[in-house]
Each structure stands twice: as C-alpha cells, then as structure tokens.
1. In the list B:124, B:75, B:117, which residue meets the criterion of being within 20 Å of residue A:102 (Cα to Cα), surrounded by 16 or more Cβ atoms within 10 Å (Cβ to Cβ) and either modelled with pLDDT of 95 or more or of a type in the set (Lys, Arg) (or both)?
2. Answer yes if at least one residue in the stretch B:79-98 is within 12 Å of chain A (Cβ to nearest Cβ), buried (at least 18 other Cβ atoms within 10 Å of the Cβ) and not β-branched (Val, Ile, Thr), and no otherwise.
3. Mind telling me which of the residues B:66, B:39 ends up being within 8 Å of another protein chain (Cβ to nearest Cβ) and either open to solvent by 50 Å² or more (accessible area, probe 1.4 Å) or modelled with pLDDT of 90 or more (or both)?
4. What are the pairs, 6+ residues apart or on separate chains, where a residue within the stretch A:88-106 that is acidic (Asp, Glu) has its Cβ under 7 Å from a residue that is open to solvent by 20 Å² or more (accessible area, probe 1.4 Å)?
5. Does residue B:58 meet the test of being open to solvent by less than 40 Å² (accessible area, probe 1.4 Å) and touching a Ser or Thr at 6+ places or on another chain (Cβ under 7 Å)?
6. Let me confirm something: among B:59, B:19, B:3, which residue is more than 16 Å from DNA strand D (Cβ to nearest atom), of a type in the set (A, V, I, L, M, F, W, C) and over 12 Å from the mean Cα position of the chain (by Cα)?
7. Which one is farthest from DNA strand C (Cβ to nearest atom) among residues in the stretch B:42-63 that are more than 9 Å from every other protein chain (Cβ to nearest Cβ) and of a type in the set (Ser, Thr, Tyr)?
2 protein chains.
Amino acid sequence: MDAVLRADLVARGMTPDCAETIELVRDVLTRVGDKWTVLVVTTLEPGPMRFTALHERIAGISQRMLSHTLRALQRDGLITRTAYAEVPPRVEYALTPLGRSLAAAVDHLVLWVRTHRTDIARNREDFDGGG
Amino acid sequence: MDAVLRADLVARGMTPDCAETIELVRDVLTRVGDKWTVLVVTTLEPGPMRFTALHERIAGISQRMLSHTLRALQRDGLITRTAYAEVPPRVEYALTPLGRSLAAAVDHLVLWVRTHRTDIARNREDFDGGG
DNA sequence: CCGGATCCAAGCGGATACTG
DNA sequence: CAGTATCCGCTTGGATCCGG
C-alpha cells in the first residue's frame, strides 16, 4: 500500500499496528466517501437486486460508474455477485454479512450527521459570509 | 449543493429530509475520506498545535495541502484557528467540541476496520489472485 | 513563521457507442 | 440484460515560488 506513509507514522512514535490501521481507515473512508458507494449500499440494504434495478433506482448514475462501484465493493467482499446462466442474462448483487456490518458502522456517522448537520451548515454560512 | 441528486432521491420515494441526509453523509464522508483529514484530526487530538508542528509531525504533507485541509476543517467548524499578533507570527489549531464528537463517530469506523481488516485484505487477495 | 498563487500530472467520473 | 471501450472534462493533490 503506502509503505512510505506507514514508515512516517512509525517514525512519529506510532506502533506499526496503529499506523497500518490509520492507512486502512483512510483507505476505507476514501472508498465509502466516493460519489456512489453509500447510495449503492443503502439501495441494496432491503435485499438482493439486479444490475438494471440498481441502475433505475439510483437515478443519475452511469452504467460505467455503477459497474465500477459494484466491482470495488465486490473486491472488498462487501457484496456478492451472482450470475445466472439464463436467457436473457440475470445478475444479482447482495450485501454480505461484512457489508452489512460496515453499513452498521456507517450508521453511527449517519446519526452524527443527522444530529449536527445544522451546526455544520451554520458554520459554513458564517465562514463564507462573515469571512 | 446537489439539488438534482436530491430531487432524484425524492423521486425514488424518499422524504426530502432523508434525501438531504444522504447528501450530507456523502459530503462528510468525502471530506473525511480525503488524503489528509484523518491524519490531521488524529494529530490534533492530544491538544492545540501550530502550523509548523503539524507540518513536521504529518510527514509527507505539503504546505499547500495542510493549509487547504485546515481551512476546510475550520470552515465546517471542526477546528479553530487562533493567530497571535507576535513576531514571528504564531498560529494555533485546535479541535472544537464538534470536531471531537466527529472524531468519536469516526472511532466506530476505526474499530470496524481494526476488526475486519484481515477479512478485507484476504478478500482483495482472493479477488485479485483468483480472478 | 504562515501560508497564498501558480503550474502541472494523475485519477475520478460522465457521455456515448458498442458487445455477449 | 449486463456490461466494456473510448474519449474527455473536472477535481485532487504535489512542487515551487513569492508575500505578509
């Protein structure tokens, strides 16, 4: 991954274990924080869904980005991809237990945002307006 | 913000309130998930710190990105910036209560990563290696 | 000491067209 | 139906120089 950064963190007095954790946290946050991941995961929460169903329900996403996002989630083991040998083809995506547990962890952040969004909005207005 | 996306979410059957929450969640995750925010926040956790101290402790960050990251955090009200009229100039940054509460919310994600990082690493290896 | 201004490279994400 | 390929603009982030 980013061995240089890890070495830097260790040099700052961190244990290698803690440094690697920070790396991974940033990595996970970067993935979850991209444009579509949260929407895809929340859309999958009720149950398995097909590619086209996701494409219809997540209005505004392109086929390319839906495909990329699904593949990234699959790579991390957060969703499963099941292709059925039928005509026409059918592919279903579903959250794994790991994906569900991540969604639960993200829920804490969702709760934090719901609680403090007015604070943030006001802070931004003050900062932008008041200089 | 992204009025189009919000309209899309509402069209999907979401309440405007919930749609706005998802927007803000994505917004916060995007901010927190950038390259340096987590490191800056964790570095500030022990107490207030000067620009140069941050620059030294967060090895690898450029002055430009440190400045940008600090300003973004300040804009959201997550840190304070205190400039002292001295020669040479002295500026101190510190987490606000809001910033501290966000750090606590992020801690859940940190815990999740600590718990499941081996799973994720193995999933990626399987996916990359196994095709 | 603190950072703004400028320039530049890499990657994310969108539109469109095309396959099994 | 479920994607892949190509092209392209925009944003992120780094290097460097300059000002208060």
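1. B:117
2. no
3. Going through B:66, B:39 in turn, the sole match is B:39.
4. A:92/A:48; A:92/A:49; A:92/A:50; A:92/A:82
5. So residue B:58 fits the description; yes.
6. B:19
7. Looking at residues that are more than 9 Å from every other protein chain (Cβ to nearest Cβ) and of a type in the set (Ser, Thr, Tyr), I get B:62.
The values are calculated or read from the model by the stated rules, or taken from the named source; none is laboratory data. Everything quoted here is computed from the prediction, not taken from an experiment. Positions of Cβ are generated from backbone atoms using ideal geometry, with glycine treated the same way; all protein chains shown enter the neighbour counts. Note: areas computed on protein heavy atoms with side chains; ligands, DNA, RNA excluded. Shrake-Rupley method; radii C 1.70, N 1.55, O 1.52, S 1.80 Å.
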